[in-house]
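Read through the structure below, which is laid out as structure tokens, and then see the notes.
The values are calculated or read from the model by the stated rules, or taken from the named source; none is laboratory data. Just so you know, these numbers come straight off a predicted model, no measurement behind them. Note: ideal-geometry Cβ built from the backbone for every residue, glycine included; neighbour counts use all protein chains shown.
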Amino acid sequence: MQVLAATFANEHTARTVEAELRRRYELGPSDIDVAARGTAGAEDSHAVVLAGRFLEDRIGDVRAIVEELGGEIVAVVDERWTKPRSNITQRASSLPRGH
């Protein structure tokens, strides 16, 4: 799976793209979402983020849909990069504390 994130100028456009992607790819409730981006009060021409997880062979089509409808792709990463690395946390907690 790949995670794609894109920014949009407004929530309405981002929600339109979200609905199209949900319909086209039969996405589940936790597969895609839209949220406000950035710092409160900051002017930004792309103030809304859409992020979703997609099968790798669909990323090209998803990119085309997002860009065609006014989105700017800001990231495409392997889904594994978005998961916590618990083995590192476990190893760090087992190290002796400094004196």
Query raised in the report: Within the group Ala40, Ala64, which residue is loosely packed, with under 12 Cβ neighbours inside 10 Å, among the aliphatic types (A, V, I, L, M), modelled with pLDDT under 85 and more than 15 Å from Thr13 (Cβ to Cβ)?
Result: Ala40
Query raised in the report: Using beta carbons and a limit of 6 Å, which pairs, at least six apart or on different chains, have the first residue in the range 12-33 and under 16 Å from Met1 (Cβ atoms) and the second one charged (D, E, K, R)?
Result: Asp31/Arg53; Ile32/Glu18
Requested in this report: Determine if the range 89-98 includes at least one residue that is part of a helix (DSSP H, G or I), in contact with a Leu (Cβ under 8 Å, 6 or more places away or on another chain) and either modelled with pLDDT under 95 or surrounded by 13 or more Cβ atoms within 10 Å (Cβ to Cβ) (or both).
Outcome: no
Report summary line: Of the residues in the range 1-37, those that are within 15 Å of the chain's Cα centre (by Cα) and either among the polar types (S, T, N, Q) or in a loop (DSSP other than H, G, I, E, B) (or both) number 9
Report task. Just give me the residues in the range 1-39 being closer than 15 Å to Arg63 by Cβ and of a type in the set (Lys, Arg), in sequence order. Result -> Arg24
